[in-house]
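**Student:** Sending over a structure as structure tokens; questions will come in a sec.
The values are calculated or read from the model by the stated rules, or taken from the named source; none is laboratory data. Only a predicted model underlies this, so the values are computations on that prediction, with no experimental measurement involved. Here the Cβ is made from the backbone with ideal geometry for all residues, glycine too, and neighbour counts use every protein chain on show. For the accessible areas, the whole protein counts, side chains as well, though only heavy atoms, and no ligand, DNA or RNA atoms are used. Shrake-Rupley method; radii C 1.70, N 1.55, O 1.52, S 1.80 Å.
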Amino acid sequence: MGWASDVRKARGLLRRALDNRRAVQTVRARLAAAPPHRPGHAKIAVYFADGAVNMYQMRQWYKPLEKLAETWPVVILSRTATGARALLEETDLPVAFVPTVRNIEQYLATQDIRVVFYVNQNTRNFQMFRYGRRWHVFINHGESDKMYMTTNQFKAYDYAFIAGDAARERLARVLWNYDLDARTIAIGRPQADHYSGALPYTPDERTVVLYAPTWEGDRPSAHYGSIVTHGEALVAALLASGRHRLIYRPHPRSGVVDPEYGAANRRIIAAIAAANAADPTAQHVFDDGPHLGWQLSSADVAIVDISAMVYDRLAADRPLLITRPSDDRAIVDTHGYLSACEWLDADRAADVITETDRVLNDPESVTRLAYWVRHYFGDTSPGAPTARFHAAVQQLMDEWERWNRRSLEQADAAPEVDESEGAEAELDT
């Protein structure tokens, strides 16, 4: 069995190497054919050191960044060929392919980058931190109560854009000697102002249920995925009801660690196809597209695992159920929304129809949801999050101007060095 595993790993490495080589060729050809970036134009850089597998972390920021670029020109710095290839295909924002540190330095020398955004905690972010005289800002790729949201790595950034009061409380509980008032800025969820994508079904009287599970996790404390424990049972019930439409959007990494998790995911996809073949009017959806937005805004109820999807849906101010992890070792933060959310236990998954009807019609559930939406995201009225995002950027630009002016004044005030005296001293020695 050992040699077979080694062969599979070797084949995987070879496939990735060939794909990366093709990606390099594609990216360099695309960039060579495009107009060069205007010198000194870009003011904001988004640093992305991951490949195509983690593009979901960037996709949700395309629309807010495109809107921001109308005021402050934005460029995406991509460190990997597969990531750059995906970016060039998916967004109109300028992309710079900078695989080496020398490439980064050469590009920065041509631009006026004052703010650098980071959407994740990739270890290669550290290579970008070396460049001072600009603000390094963690904007994250979602809001959640997972351990990831309180990592001590927050301290590595000059500032962090957070969603709201819940994020402040979460960080205050965990981070020592961290000035929340000075280094965090609440912006809500600007992505909620830019829901994108066309509905792949015709709306009718059916209740639309979004089931968006996360992946299985790579350690017991992060075993939040529900496809095996909840997924097949709840999907079977929804497909059989005759009055529900299912939107199934699994995490793109589903099955990368646990083969059974991947197999259950494939069985659900096959069940959706079979249900649509039996009743074409059902129009159930298996969704693996790049756009996240229409799913959150159109579904009457969402069923999600403990992940950023909880808070993406919460920002939409619509009813949701959260699957309770079946692994007792999974860490659940019960200080925030998860202390008062609507749980779906594995043994209730087959009764999902009753559970969805309850959260849709129970007045107490509706009232609780409204409270937690505001606690996490503040004002969610259309346009409000975008206004706060732009105001936060303006604040940093004003700060940059003040610090830059101070640096210039200090340079002008510095005493001049008599080079002749230095030369004489050097000769004497």
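**Student:** Need the failing condition index for ALA274 against (1) more than 15 Å from LEU238 (Cβ to Cβ); (2) surrounded by fewer than 13 Cβ atoms within 10 Å (Cβ to Cβ), just the number.
**Tutor:** Result: ALA274 passes all but (1).
**Student:** Can you name the number of the only condition in (1) out of contact with any Asp or Glu (no Cβ under 6 Å at 6 or more places or on another chain); (2) modelled with pLDDT of 95 or more; (3) closer than 19 Å to VAL304 by Cα that PRO252 fails?
**Tutor:** The number of the failed condition is (2).
**Student:** I'd like to know if the range 305-320 contains one or more residues that are surrounded by fewer than 16 Cβ atoms within 10 Å (Cβ to Cβ), on the phi < 0 side of the Ramachandran plot and not in a helix (DSSP H, G or I).
**Tutor:** Within the range 305-320, none of the residues are surrounded by fewer than 16 Cβ atoms within 10 Å (Cβ to Cβ), on the phi < 0 side of the Ramachandran plot and not in a helix (DSSP H, G or I).
**Student:** When the range 15-61 is examined, which residues are found to be β-branched (Val, Ile, Thr) and either open to solvent by less than 40 Å² (accessible area, probe 1.4 Å) or within 20 Å of VAL101 (Cα to Cα) (or both)?
**Tutor:** Hits for the range 15-61 are VAL24, VAL27, ILE44, VAL46.
**Student:** If you take the residues in the range 157-185 that are of a type in the set (A, V, I, L, M, F, W, C) and touching a residue at least 60 places away in the same chain (Cβ under 8 Å), which one is surrounded by the fewest Cβ atoms within 10 Å (Cβ to Cβ)?
**Tutor:** ILE185
**Student:** Here is a follow-up. Would you confirm whether or not the range 217-226 contains a residue that is over 19 Å from ALA315 (Cα atoms), without any contact (Cβ under 8 Å) to a residue 60 or more places away in the chain and basic (Lys, Arg)?
**Tutor:** Checking the range 217-226: at least one residue is over 19 Å from ALA315 (Cα atoms), without any contact (Cβ under 8 Å) to a residue 60 or more places away in the chain and basic (Lys, Arg).
**Student:** Any chance you could count how many residues in the range 117-156 are crowded, with 18+ Cβ neighbours inside 10 Å, modelled with pLDDT of 95 or more and not in a loop (DSSP other than H, G, I, E, B)?
**Tutor:** Selection size over the range 117-156: 9.
**Student:** Another one. Enumerate the pairs (first residue in the range 102-130 and in contact (Cβ under 8 Å) with a residue 40 or more places away in the chain and more than 11 Å from TYR47 (Cα to Cα); second residue anywhere and basic (Lys, Arg) and not in a strand (DSSP E or B)) with beta-carbon separation below 8 Å, excluding pairs fewer than 6 apart on the same chain, so at least 6 apart or on different chains.
**Tutor:** Hits for this filter: ASP112/LYS43; ILE113/LYS43; ILE113/ARG134; ARG114/LYS43; ARG114/ARG134.
**Student:** Any residue in the range 367-384 that is among the polar types (S, T, N, Q) sitting within a Cβ distance under 6 Å of a residue that is in a loop (DSSP other than H, G, I, E, B)? List the pairs, counting only those 6 or more apart or interchain.
**Tutor:** Qualifying pairs under 6 Å: THR380/ASP317.
**Student:** Could you tell me which of the residues ALA96, ALA86 is at negative phi, in contact with a helix residue (DSSP H, G or I) (Cβ under 6 Å, 6 or more places away or on another chain) and in a helix (DSSP H, G or I)?
**Tutor:** Just a single option satisfies the conditions, and that option is ALA86.
**Student:** Also, quick follow-up: Give the residue, chosen from LEU65, LEU87, LEU93, that is within 14 Å of ALA42 (Cα to Cα) and open to solvent by less than 10 Å² (accessible area, probe 1.4 Å).
**Tutor:** LEU65
**Student:** While we're looking at this one, here's another question. Could you give me the residue pairs with C-beta distances under 8 Å whose first residue belongs to the range 12-37 and is within 14 Å of PRO94 (Cβ to Cβ), whose second residue is in a loop (DSSP other than H, G, I, E, B) and open to solvent by less than 100 Å² (accessible area, probe 1.4 Å) wherever it lies, and which are 6+ apart or on separate chains?
**Tutor:** HIS37/PRO94; HIS37/THR110; HIS37/GLN111
**Student:** Within the range 157-201, can you find the residues that are assigned to a helix (DSSP H, G or I) and touching a Ser or Thr at 6+ places or on another chain (Cβ under 8 Å)?
**Tutor:** Across the range 157-201, the qualifying residues are ALA167, ARG168, ARG170, LEU171, ARG173, VAL174, PRO190, ALA192, ASP193.
**Student:** Output the residues belonging to the range 388-398 that are surrounded by fewer than 19 Cβ atoms within 10 Å (Cβ to Cβ) and either more than 20 Å from the chain's Cα centre (by Cα) or farther than 25 Å from TRP135 by Cβ (or both).
**Tutor:** ALA391, GLN394, GLN395, MET397, ASP398
**Student:** Quick check on ASP288: is it open to solvent by 10 Å² or more (accessible area, probe 1.4 Å), under 17 Å from PRO200 (Cα atoms) and under 21 Å from the mean Cα position of the chain (by Cα)?
**Tutor:** When the stated conditions are applied, ASP288 passes them.
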